[in-house]
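Encoded as structure tokens, the structure appears first; notes follow it.
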Amino acid sequence: MIEWSLQKVINDTVNFQKEEKREINSWHCSKLGQCLTGVYLERLGIEPDEQFDDRTLRVFSAGKMFEQWVVDLAKKSNHVQLEEQVRVENKELNFSGYADLVVDIDGQKLLYEIKSKNSRAFWYMRGKGEGANHHHLMQTWLYLYGLQIQEGRILYIEKDSMSVLEYPVKLNNEELENEVMQELKILNEAWKQQLPPPVPKFDKGDWRAKYCRYHKKCTNCEKYLDLNF
């Protein structure tokens with residue numbers, strides 16, 4: 001029996017991803033809008049409550065594949081120039097990241113952030129009619145700020161049928177600017193003092209509490225989500 005299999009290749013790749021650990025030297029744009037206590041502890045190098053499991057790592061990998069599919073389609077478009085994975089960095093405000101795609105259309109630049117969603121989450125978003133996830137808006141706005149591009153879009157892809165939703169983001173959005181700058185101020189002040197930001201008082205159903213991987217560290221309470229605030 002031949003021992004080689006694609007399943008083993010996939011599993012080995014996932015296990016390799018588990019072992020990767022990089023030093024964090026700035027605030028990642030993609031972390032804005034999340035639990036800032038967890039963001040601080042992650043940069044400090046504290047081990048999370050739990051490592052990402054195989055399923056979650058596969059979700060991340062699938063997201064990258066859908067992103068590349070969109071970028072490859074964009075490359076086939078006529079009369080545009082594009083850059084992918086564009087480095088964004090600001091040493092004064094201590095943030096960095098990579099914008100998925102910057103398209104140059106007759107000298108005007110348009111930034112794209114590409115996200116994939118499972119079918120249920122995608123159609124729920126469309127049905128609510130409230131637009132893009134707020135933390136994605138904050139992330140995209142910070143890319144615009146870092147690159148001084150006036151307009152961006154968040155593109156969501158539904159994984160089953162390749163349906164898409166596209167939402168605009170403008171650099172002149174003062175509300176987003178205030179929120180982003182406030183969070184960076186909190187994080188930078190915390191880093192300067194080497195004291196984590198106060199643990200936010202989230203509602204039980206708040207996704208920032210549900211998906212933060214540092215609650216046992218910052219609250220010393222395994223039943224954090226059962227607390228009544």
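Points worth noting:
- By average C-beta atoms within 10 angstrom, highest first, the peptides 36-42, 208-214: 36-42, 208-214
- Annotation: the antiparallel percentage among DSSP beta bridges lying fully within region 57-184 is about 75.
- Summing charges over all other residues whose Cβ lies under 12 Å from the Cβ of LYS170, with Lys and Arg as +1 and Asp and Glu as -1, gives -3.
- A DSSP coil position with no more than 14 other Cβ atoms inside 10 Å describes the following trypsin sites (Lys or Arg not before Pro) in region 1-98: LYS21, ARG22, LYS76, LYS91.
- Calculated FRET efficiency for the pair GLU189/MET162, C-beta based, R₀ 35 Å, to 0.05: 0.20
- Fully extending the segment from ASP206 to PHE60 would add 50.4 nm, taking 0.36 nm per residue of separation and subtracting the current Cα-Cα distance.
- Region 83-107-region 143-183 distance, computed between alpha-carbon centres (Å): 13 Å
- Sequence of PHE202, PHE95 once ranked by neighbouring C-beta atoms within 10 Å, starting from the fewest: PHE202, PHE95
- Share antiparallel - DSSP beta bridges, the chain, percent rounded to 5: 70 percent
- Overall form of region 1-104 per C-alpha gyration tensor (a/c, 1.5; a/b vs b/c): oblate
- Order by protection proxy (mean Cβ within 10 Å, highest first), peptides 134-142, 98-106: 134-142, 98-106
- With the Kirkwood sum run over all distinct C-alpha pairs, the chain has a hydrodynamic radius of 19.5 Å.
- Exposure proxy shown here: for GLU84, GLU177, the number of other Cβ atoms within 10 Å sets the order, fewest to most, as GLU177, GLU84.
Rule-based calculations on the coordinates, nothing more; no lab input. All values derive from a computational prediction rather than experimental measurement. Note that we place each Cβ from the backbone using ideal geometry, even for glycine, and neighbour counts take in every protein chain shown.
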